2 protein chains.
Amino acid sequence: MNHRQSQTMTLLRYCLLALSLGLVAHDAARAQEINISTRKLTDKVNPFIGTANYGTTNPGAVLPHGLMSVSPFNVSGSTENRFDKDARWWSTPYSADNEYCIGFSHVNLSGVGCPELGGLLLMATTGKFTPDYRLYGSPLTQEYARPGEYRTVLERYGIAAASTVTLRTSLTAFTFPAGEGHILLNLGQALSNESGATLHFVNDSTMVGSRLMGSFCYNPQAIFRQYFAMRVSRRPHTAGYWKKQPPMTVEAQWDATADSYKLYDRYRQEMSGDDVGVRFSYRCEEGEILYVQMGVSFVSEANALQNLEAEQADLLKESRGDYAQAYTAMLSQAVDTWEKALGVVQVEGGTQNEQTIFYTALYHMLIHPNILQDSNGEYPMMGGSGIGRTEHDRYTVFSLWDTYRNVHPLLCLLFPDKQEQMVRSMLDMYHEGGWLPRWELYGQETLTMEGDPALIAINDTWQRGVRGFDTDVAYEAMKKSATTAGADNLIRPDNDDYLSLGFVPLHEAYDNSVSHALEYYLADWNLSEFARALGRHEDAALFRKRSFGYRHYYNKEYGMLRPLLPDGSFLMPFDPKLGENFEPNPGFHEGSAYNYSFFVPHDVAGLSRLMGGRKAFVDRLQRIFDDGHYDPTNEPDIAYPYLFSYFPDEAWRTQKLTRELIDRHFCNAVDGLPGNDDAGTMSAWLVYSMLGFYPDCPGSPSYTLTSPVFPKVTIRLDRRYYPQGQLVITTTSQSDAAKCIYIKDVHVGGRKITQGRRRISHDELVGCGELHFDLGVRP
Amino acid sequence: MNHRQSQTMTLLRYCLLALSLGLVAHDAARAQEINISTRKLTDKVNPFIGTANYGTTNPGAVLPHGLMSVSPFNVSGSTENRFDKDARWWSTPYSADNEYCIGFSHVNLSGVGCPELGGLLLMATTGKFTPDYRLYGSPLTQEYARPGEYRTVLERYGIAAASTVTLRTSLTAFTFPAGEGHILLNLGQALSNESGATLHFVNDSTMVGSRLMGSFCYNPQAIFRQYFAMRVSRRPHTAGYWKKQPPMTVEAQWDATADSYKLYDRYRQEMSGDDVGVRFSYRCEEGEILYVQMGVSFVSEANALQNLEAEQADLLKESRGDYAQAYTAMLSQAVDTWEKALGVVQVEGGTQNEQTIFYTALYHMLIHPNILQDSNGEYPMMGGSGIGRTEHDRYTVFSLWDTYRNVHPLLCLLFPDKQEQMVRSMLDMYHEGGWLPRWELYGQETLTMEGDPALIAINDTWQRGVRGFDTDVAYEAMKKSATTAGADNLIRPDNDDYLSLGFVPLHEAYDNSVSHALEYYLADWNLSEFARALGRHEDAALFRKRSFGYRHYYNKEYGMLRPLLPDGSFLMPFDPKLGENFEPNPGFHEGSAYNYSFFVPHDVAGLSRLMGGRKAFVDRLQRIFDDGHYDPTNEPDIAYPYLFSYFPDEAWRTQKLTRELIDRHFCNAVDGLPGNDDAGTMSAWLVYSMLGFYPDCPGSPSYTLTSPVFPKVTIRLDRRYYPQGQLVITTTSQSDAAKCIYIKDVHVGGRKITQGRRRISHDELVGCGELHFDLGVRP
């Protein structure tokens, strides 16, 4: 068969797979069913956005807040790849810039900045079998992804692959050419820097096992274990483990497997090791489809198997064992789930690309935090403190330093029930481990980034009216981190200085002291608000006072926040630009003094006064944008564009900047995110900014307005929390809509608000029914 | 503390340990109890014999045919050692020539020629903890071993260590100096060339886990798994896993553990990997003793734990949790068990060294085969065919090419009940795996060496009157290997040539063809005898005829057996000395043509006729000894000294030679075995030869006599098999006993046998009550 014929055959197999899985029929049916003129919302999601330019998203199949995800893994094993996970700091299983795929990883992180998970590499190959990932990899062609499904062709083998998911399981279909075909599960490689796996056969076609994961952000002790169950749809003619053997010196003359991969085709007890896996081999007919079911758990092998049964047994039963039919049904479930989730926000108008970047952002911010508990309710408690059992959803992947700023506020608005369960999960973590989370990952506190972010997220949730959790426990937990001495304080290790001096001085060259303190000030302001809400007025006053301590850092000479030394003097020398390219910077974490100097969201007015009033404040803030000191990829300054609107006459700057930033940094392409999505934080910024409002002060149930991108957006509100049940956002443009980026008037619930007022409370927003903007071409 | 003080303290700790464990008191008590004038039999065993000069025994604690053994492991981790397991072919965990011990290995092979098992390395250290075996090892001093116990001092740490065992478990006591002390279980290193382990905490002081073992004799697919349970006597202040991390390139700048050992002190789920382990750390008082219980299983972690409970829980209960008392009780059990086993043969007279080498040989030949089943009767069936449950003892470690020659015949005489259960175990293997074993190791057929040895051992057992097994099944199994075509024949792969030509021709340079065929001839003769006994006379005639096919190989030119080519011509060139130093030799396995040319034990008369009669036969045989072509370390020729006695006038040569060989090759020293003990075969040769009789033709219930070493030996016979119940062997010497090495007369049951007859049947031996030799100084 020549190359062209081979390509044709591959394409045929790809189509055959699509047909077998009922994809075409399914799509057509749905198109008629819903509205022939409307593209489905899932069609408006491009999961490849963010898969280049360090967006660190992946195109893998996943459900909203689902535990399981299946992503192609193409960041290891070949020098043909542009990016290799081991040759740099690298934090995603998939790069649109790479060529060489060694499998499909099960359970992945989306949009994070450190390598973790991305293991259980499932692969299919043909011909003579090799377990060596440096040899068996393949380029991917004809990649296609939508919410809940990923499809591709493994070009080297002409194998079509398609995966779909449930909450904790996946089903992958491989369509083989005629001849010898293999299904591999590689437990040696993963994005995680931990290694070591064990697995065993349950029967001829079912495996269970587990692998060590952890060391997130190179934190050596945040360790956990991923369990799995795997089942192939047909009994193989040969199956067996492999294991990379250690090198031998003299003995290599008697052992041909020394320093290479050894196959164990007869042995059937457990296999353990650093670089182990299992293969199933078949004699395939042309176009034969083999299916692989995978279930995961972070509790036990038994639970992984039980999850597989709980989420797939009925589908297979209803399909009478027809895997193609089961796949179609599972995919249909997945797509429907996403349609429902995305459908909470219905946008009308705008360009197709604008709709795509909007819905893709909504998609990306609905991935984390994700559920952790098994179908039986079991989950790993914090810090390895045992196995818990939960009634509500137990969430994990709390990248809170990022997400407290906008992801959780947005979840409060769109999915308050989920946000409520996330808060309950955080309080359960406090019960189990003694502390609220900072950066929790699969039951481990990774202590990544700084501050006391859970406190802020919880207060913010309560302030927005989502209050179905134990406020006494919440308050106890919050107060613990705010008042415990530094040595015993997991969350605020600088508390001694902070409490005695009112600020955190620089003790070591790069101890991020100012960043720490700025987070504590905001946290204390949130704690104050929460105390006030609970009637604890004395505490409220105390924490409120502490929250203004940022003023210690204000340096008149620069008009900026500047690191302090233990004696209260300012650090010398001082370069406000230092840190812009992630180079180490005294006092500031992942940023420059510019990126942090306006980060006092709870006291913008006070900061403005310090700086000499509105003009000085606005000038300095504007100069940050004009001089290129604004970092659109990192959290401390992402609310900066909205701060102008504290001054009615300056609000036009917010409107102009948000449109400019959207246009400059977001697009419908693999490099369509400005940098790490940060577990949905960048995406949430985009969703808010395109909708026309932004929660610039976490913990304050209010928003700054900006000009919406779409002429009409309908948000379905959860009536259990928001009786109004709906929020419609409309715009009227005085001329060419694309040029009308300035707000002239705002109508809330049909009533025009005060001229120049560009802030709105959460209650107004969710209660008004309609938010209307008159837009114009000039400020 | 200066060095001298330190030594004194260490000695004190050693004595303290001895006192704590009641060793001194215990010994004294027993000495009074038994007979103050008689040394105990266990005191006549020197477990260090064979621990140098490639004897490959070890001084570890073990019970007769026990599964568990605990040996010091000093063959890895340091260039200070003379022998390193990875720098050569090396098959024992312990060398008397080495210095650097990295732990005590649990379950070891004794006297074998290939590396296997010798893992689960238990160690104790002090000071700053390191899991690196290249750093933490220690020299051993004050080593002491007796059947059932091994004691030493880890010199570097001043830690006294002592281990004793039950059938499937061990108890090790470590006496620490004051300060930080650690107990380590290293699962990375082992004598086995397989690797990969998994383990987890059951609670703060109990672990279970397993490790891959196998590739015995570099056979890549004979793989099995060793499970264990471990319990420490006191809760540690710190405990945790370690794991050797893979190397990193760029990422090493963020991960200090790259390419080194990482400690996991908080993580508590499973740990898996190539090089993993666990440590328990304590703040010890001076002289504090910590105990470690270990249980093993080859079925499951649960069974390992259950074995520990079954064999130690009562001891600890009776000791009210006093570990020192439990240790003493367990040791007392172990020593008593050995006293009973060794006491089956009571020797009187001879030198102390003669008694020591005799009882040590008896000790060594009672180690393998050993039991495999757990306390609940479960065991791993052949070839990984599942978990079986047995009512009788299930034995493993069948090094049958070695042991059919004398170990099993000697077990028939001394422990017929055990031998019967060994035969039943072999028949169960046939049921499970389809074949009788050749070299079975922990449920795996390793296919080491050649021939059809189980068949011989089973017929031999039956012929000696030990018949408690299913002879129909046995015959079916035997006939299967004798008659199945080569391609389907696991045991006799050369069967096609053998059946069609009557011999196995040389196809490849080093295919050991003559060795294979010689084993088949003897096997077929045994099968013929067995068939005859079962009344299958037609089969008997057929196999008898086949057994004489060795004549094909007889080459008149050399008067020797010589390799044949497929066309029936002799191999050219031919060097009968080739192979003497284990160099590859066409046609012969581990030996020269000299070592094999007289290996026709079932037709010595026929071979003699071929060679031209008695004189030619005797001359050639004598020349082998005179010219140094006799190999005392390998099986094919070890019966040679006895062949002279087929001719009454030449029997003096047997008597002379056996005494010379005993004197030359066996002594009470670490190099006191001539080479690999071969699972007790060399030791069994010594036991027989010192007793005065030898079963030179396996399958023939008869013995050749030689002059006994001891004036009086009393063998207690099992009356269920041998109603006479006792065999007393006595000698009278005409002058200086040491010089009286020639038999003048033999009395069987008080009746002098025919002058010059130097063979005796098994029935005569076990039925006569007394065997008396008149010995003289001249032939």
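Summary of values
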item	result
Failed criterion for residue B:688 (all others in (1) farther than 23 Å from residue B:467 by Cβ; (2) at pLDDT 95 or above; (3) crowded, with 24+ Cβ neighbours inside 10 Å hold)	(1)
Test set (1) surrounded by fewer than 24 Cβ atoms within 10 Å (Cβ to Cβ); (2) modelled with pLDDT of 95 or more - residue B:99 fails condition number	(2)
Which numbered condition residue A:189 fails, given (1) part of a loop (DSSP other than H, G, I, E, B); (2) more than 19 Å from residue A:103 (Cβ to Cβ); (3) modelled with pLDDT of 95 or more	(2)
Filter result (touching a Gly at 6+ places or on another chain (Cβ under 8 Å) and within 7 Å of chain B (Cβ to nearest Cβ)) within segment A:208-220	A:212
Residue match in segment B:749-757 (condition: closer than 17 Å to residue B:463 by Cα and out of contact with any helix residue (DSSP H, G or I) (no Cβ under 6 Å at 6 or more places or on another chain))	no
Some residue of segment B:599-611 being under 20 Å from residue B:703 (Cα atoms) and of a type in the set (Asp, Glu)	yes
Total residues in segment A:738-779, condition touching a Cys at 6+ places or on another chain (Cβ under 6 Å) and outside any loop (DSSP other than H, G, I, E, B)	3
Answer from A:181, A:148 - the residue that is touching a Phe, Trp or Tyr at 6+ places or on another chain (Cβ under 7 Å) and at positive phi	A:148
Where residue B:274 falls short, out of the listed (1) over 22 Å from residue B:119 (Cα atoms); (2) crowded, with 22+ Cβ neighbours inside 10 Å; (3) acidic (Asp, Glu)	(1)
Candidate set from segment A:225-242 (those that are aliphatic (A, V, I, L, M) and within 35 Å of the chain's Cα centre (by Cα)); member that is farthest from the other protein chains (Cβ to nearest Cβ)	A:232
Selected residue (only one of A:641, A:636 is part of a helix (DSSP H, G or I) and either more than 30 Å from residue A:508 (Cα to Cα) or more than 29 Å from the chain's Cα centre (by Cα) (or both))	A:641
Top-ranked residue of segment A:185-207 - restricted to ones that are hydrophobic (A, V, I, L, M, F, W, C) and surrounded by 23 or more Cβ atoms within 10 Å (Cβ to Cβ), ranked as nearest to residue B:198 (Cα to Cα)	A:197
Residue within segment B:448-455 that is at pLDDT 95 or above, part of a helix (DSSP H, G or I), in contact with a strand residue (DSSP E or B) (Cβ under 9 Å, 6 or more places away or on another chain) and not hydrophobic (A, V, I, L, M, F, W, C) present	yes
Condition broken by residue A:582, with the remaining ones in (1) under 17 Å from residue A:696 (Cβ atoms); (2) modelled with pLDDT under 95; (3) not in a helix (DSSP H, G or I); (4) not small (Gly, Ala, Ser) satisfied	(1)
Test: residue in segment A:623-635 that is surrounded by fewer than 21 Cβ atoms within 10 Å (Cβ to Cβ) and touching a His at 6+ places or on another chain (Cβ under 7 Å)	yes
Selected residue [assigned by TED's automatic domain parsing to the domain that holds residue B:705, of a type outside the set (S, T, N, Q) and surrounded by 16 or more Cβ atoms within 10 Å (Cβ to Cβ)] from B:720, B:759	B:759
Neighbours by Cβ (under 6 Å, 6+ apart or cross-chain): first from segment A:228-253, under 24 Å from residue A:297 (Cα atoms); second part of a strand (DSSP E or B) and hydroxyl-bearing (Ser, Thr, Tyr)	A:231/A:206; A:233/A:291; A:240/A:264; A:241/A:264; A:242/A:261
Residue list for segment A:110-146, restricted to those being free of Cβ contacts under 8 Å to residues at least 60 places away in the same chain, surrounded by 19 or more Cβ atoms within 10 Å (Cβ to Cβ) and within 20 Å of residue A:367 (Cβ to Cβ)	none
Residue that is within 19 Å of residue A:189 (Cα to Cα) and either over 37 Å from the mean Cα position of the chain (by Cα) or not acidic (Asp, Glu) (or both), where the choices are A:293, A:245	A:245
In segment A:464-477, the residues that are surrounded by 23 or more Cβ atoms within 10 Å (Cβ to Cβ) and within 15 Å of residue A:535 (Cα to Cα)	A:474
Residue A:182 surrounded by fewer than 22 Cβ atoms within 10 Å (Cβ to Cβ), in the same structural domain as residue A:242 (by TED's automatic domain parsing) and out of contact with any helix residue (DSSP H, G or I) (no Cβ under 8 Å at 6 or more places or on another chain)	no
Residue within segment A:728-746 that is within 31 Å of the chain's Cα centre (by Cα) and aromatic (Phe, Trp, Tyr) present	no
Residue B:539, sole failed condition from (1) of a type in the set (Asp, Glu); (2) surrounded by 18 or more Cβ atoms within 10 Å (Cβ to Cβ); (3) under 26 Å from residue B:399 (Cβ atoms)	(3)
Hits in segment B:243-274 - residues which are at the interface with chain A (Cβ under 7 Å from one of its Cβ atoms) and among the basic types (Lys, Arg)	B:243, B:262, B:266, B:268
Unique match (being within 14 Å of chain A (Cβ to nearest Cβ) and either of a type in the set (A, V, I, L, M) or surrounded by fewer than 22 Cβ atoms within 10 Å (Cβ to Cβ) (or both)) among B:75, B:107	B:75
Subset tally (residues that are within 14 Å of another protein chain (Cβ to nearest Cβ) and assigned to a strand (DSSP E or B)) for segment B:275-288	3
Tabulated pairs, segment B:196-207, first farther than 16 Å from residue B:121 by Cβ and more than 9 Å from chain A (Cβ to nearest Cβ), second in a strand (DSSP E or B) and among the β-branched types (Val, Ile, Thr), C-beta under 9 angstrom, 6+ apart or interchain	B:200/B:208; B:201/B:208; B:201/B:278; B:202/B:208; B:204/B:232; B:205/B:232; B:206/B:232
Given (1) in contact with a Ser or Thr (Cβ under 9 Å, 6 or more places away or on another chain); (2) within 11 Å of chain A (Cβ to nearest Cβ), index of the condition residue B:191 fails	(2)
Those residues of segment B:154-188 which are farther than 19 Å from residue B:299 by Cα and either among the basic types (Lys, Arg) or within 14 Å of chain A (Cβ to nearest Cβ) (or both), in sequence order	B:156, B:188
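The values are calculated or read from the model by the stated rules, or taken from the named source; none is laboratory data. Note that the coordinates shown come from a computational prediction; the quantities given were computed from them, not determined experimentally. Glycine also receives a Cβ, built like all others from the backbone with ideal geometry; neighbour counts cover every protein chain displayed.
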